[in-house]
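Could you have a look at this structure, given as structure tokens, before my questions?
The values are calculated or read from the model by the stated rules, or taken from the named source; none is laboratory data. Remember, it's a predicted structure, so these values are computed and weren't measured experimentally. Note that each Cβ is placed from the backbone with ideal geometry, even for glycine, and that neighbours are counted across all protein chains shown. Ligands, DNA and RNA are excluded from the accessible area calculation, which covers all protein heavy atoms including side chains. Shrake-Rupley method; radii C 1.70, N 1.55, O 1.52, S 1.80 Å.
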Amino acid sequence: AVYNKNGKEIIPPKYNKIEDAGNGYFKIYNRTGKNFDYAYGLFSPSGEQLTEFKYREIGQFHNGFIKVRLTPKYVMKSPGVQSKNTEHQWTFLDENGKNITDMVFEDAGDFEDGLAPVCKDKKIGFLNTKGELVIDYKYQKYSGTKFIDGLCRVGNENERMGVINTKGETVIPFE
């Protein structure tokens, strides 16, 4: 169970696991069905359930958004899904639990400087907070790819490293 600072129960003790999702939100793990399949749902700081239990994984809120990985059952119901890989399908929610995009990604990072790295066909592009792909999938996937103070270190198809700005312009050449 979860109680507010006044001792009032806001989430009952009927779930398998309750975890912190940042900014006062909760990600709640629940086993469902006769096969004991599991999924996470997102709950607000006041205990309101914001989403169905349909996520295999939920990250932490970062700059007002949270990345979530759909369970295979829900991936096939998502518009725009073309990948047959149902194990790694990520998308983003806002603080109301609403999807910011219909796109799903093989992998995703957190939002920094208004952009989040997203992966498709093992290439990295960048999504803005409106759910629009603003820098196309053309960079190599590297751990820790994110913008800091408007700049991001990325690799090109020749595995050379360079730095781009939030407009996708090269500011340090790939060498």
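Is it the case that the range 27-36 has a residue that's assigned to a strand (DSSP E or B), at pLDDT 95 or above and either under 23 Å from the mean Cα position of the chain (by Cα) or farther than 25 Å from ASN128 by Cα (or both)?
Checked the range 27-36: at least one residue is assigned to a strand (DSSP E or B), at pLDDT 95 or above and either under 23 Å from the mean Cα position of the chain (by Cα) or farther than 25 Å from ASN128 by Cα (or both).
So, in the range 41-67, how many residues would count as being under 13 Å from LYS98 (Cβ atoms), among the hydrophobic types (A, V, I, L, M, F, W, C) and open to solvent by less than 20 Å² (accessible area, probe 1.4 Å)?
The qualifying residues number 2.
Looking at GLU157, GLU106, which one is modelled with pLDDT of 85 or more, loosely packed, with under 12 Cβ neighbours inside 10 Å and over 30 Å from GLU48 (Cβ atoms)?
GLU157
Yes/no per residue for (1) modelled with pLDDT of 90 or more; (2) farther than 30 Å from ILE172 by Cβ; (3) not in a strand (DSSP E or B):
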residue	(1), (2), (3)
GLY41	yes, yes, no
THR51	yes, yes, yes
HIS88	no, yes, yes
SER143	no, no, yes
LYS146	no, no, yes
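On the basis of being under 17 Å from ASN23 (Cα atoms) and modelled with pLDDT of 90 or more, does PRO45 make the cut? Reasoning before the result, please.
Working: under 17 Å from ASN23 (Cα atoms): yes; modelled with pLDDT of 90 or more: yes.
Spelling it out, PRO45 is indeed under 17 Å from ASN23 (Cα atoms) and modelled with pLDDT of 90 or more.
Against the definition (closer than 23 Å to ASP102 by Cβ and either in contact (Cβ under 8 Å) with a residue 60 or more places away in the chain or within 19 Å of the chain's Cα centre (by Cα) (or both)), how does GLY131 come out, yes or no?
So GLY131 fits the description; yes.
Any residue in the range 157-175 that is free of Cβ contacts under 8 Å to residues at least 24 places away in the same chain sitting within a Cβ distance under 7 Å of a residue that is outside any loop (DSSP other than H, G, I, E, B) and of a type in the set (Ser, Thr, Tyr)? List the pairs, counting only those 6 or more apart or interchain.
Listed by first residue and then by second, the contacts come to GLY162/THR170.
Another question about this same structure. Determine which member of the set LYS73, LYS98, LYS77 is under 22 Å from GLY41 (Cα atoms) and modelled with pLDDT of 95 or more.
On the way: LYS73 fails: modelled with pLDDT of 95 or more; LYS77 fails: modelled with pLDDT of 95 or more.
Among LYS73, LYS98, LYS77, only LYS98 is under 22 Å from GLY41 (Cα atoms) and modelled with pLDDT of 95 or more.
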